[in-house]
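Chemist: There's a structure below that I have some questions on.
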Amino acid sequence: MSILVEEGLAYLPEVSARRVRTPCGVYDGLVLPSAQSLAAVSIMRSGDCLLEAVRRTVPGVAVGKVLIQRDESAPGKEPRLIYVKLPADIAEKRVLLVDPMLATGQSAEMAIQELKRRGIKEAQITFINVVCCPEGLAYLAKKHPEVLVITAAIDDRLNEALYIVPGLGDMGDRYYDTPGHTHT
């Protein structure tokens, strides 16, 4: 997870280049924005695994949480917003929105809408995830074209149950080893 977060940070527009002289030569590196200029917002609960990686990589980063759950009984399994807690000054920060899965894109879209309600512009948001599918990427690009998406993998498709195929299963269950978790 940390490598994915580091890669996501390298794409931020505020990153600048810096040459560093080492005992063996010159290294072209990057200077990240300060922790005070960033906020990491987790789409709970599975997003917390990426949030932990952000906090290890950028100590002191401001943290926010959004709880969005898919309503399995709804015809389109639409998400429901349950909880939002964000830093008071979040509109002044570059936001790293983290959630390991991007399936339909509806939960990410709902989280982005909550961020925008608090004064954050789309261009200030970087969405970092582990695996997504073409349908979710297309949906998010149509709804929020200025949000930068950083992902480790693009799987084949969504199936009829709206799960990513082949996907990871329930990332929260896998990461926290809770019931429902399958080892495949």
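The values are calculated or read from the model by the stated rules, or taken from the named source; none is laboratory data. Source: prediction; values computed, not measured. No Cβ is skipped: glycine too gets one built from the backbone with ideal geometry, and neighbour counts run over all protein chains shown.
Chemist: For segment 3-27, give me each residue that is assigned to a loop (DSSP other than H, G, I, E, B), among the aliphatic types (A, V, I, L, M) and in contact (Cβ under 8 Å) with a residue 60 or more places away in the chain. Talk me through it step by step, then tell me what you get.
Modeler: Of all residues in segment 3-27, those assigned to a loop (DSSP other than H, G, I, E, B) come to 11-15, 23-24.
Next cut, among the aliphatic types (A, V, I, L, M) only: 12, 15.
Of everything in segment 3-27, just one residue is assigned to a loop (DSSP other than H, G, I, E, B), among the aliphatic types (A, V, I, L, M) and in contact (Cβ under 8 Å) with a residue 60 or more places away in the chain, namely LEU12.
Chemist: Turning to a different aspect of this structure: Within segment 28-38, is even one residue in a strand (DSSP E or B), of a type in the set (A, V, I, L, M, F, W, C) and surrounded by 13 or more Cβ atoms within 10 Å (Cβ to Cβ)?
Modeler: For segment 28-38, residues in a strand (DSSP E or B), of a type in the set (A, V, I, L, M, F, W, C) and surrounded by 13 or more Cβ atoms within 10 Å (Cβ to Cβ): present.
Chemist: Still on this structure, please answer the following. Take ALA91 and tell me if it is within 17 Å of GLN124 (Cβ to Cβ), in a helix (DSSP H, G or I), in contact with a Gly (Cβ under 7 Å, 6 or more places away or on another chain) and small (Gly, Ala, Ser).
Modeler: Yes, satisfied.
Chemist: Starting from residues that are in a loop (DSSP other than H, G, I, E, B) and modelled with pLDDT of 95 or more, keep the ones in segment 143-173 and report whichever is farthest from ALA74 (Cα to Cα). Outline the logic, then answer.
Modeler: Of segment 143-173, the ones in a loop (DSSP other than H, G, I, E, B) are 144-147, 155-156, 159-163, 166-170.
When the remaining residues are screened for being modelled with pLDDT of 95 or more, the result is 144-147.
On the way: HIS144: 24, PRO145: 27, GLU146: 29, VAL147: 27 Å.
Checking each candidate, the answer is GLU146.
Chemist: Let me ask something else. Scan segment 50-86 residue by residue and report those that are within 17 Å of the chain's Cα centre (by Cα) and in a loop (DSSP other than H, G, I, E, B).
Modeler: Matches in segment 50-86: VAL58, VAL61, LEU86.
Chemist: May I ask you to list pairs of residues, at least six apart or on different chains, whose Cβ atoms are under 6 Å apart, with the first in segment 65-86 being more than 24 Å from LEU50 (Cα to Cα) and the second being among the β-branched types (Val, Ile, Thr) and at pLDDT 90 or above?
Modeler: From segment 65-86, no pairs qualify.
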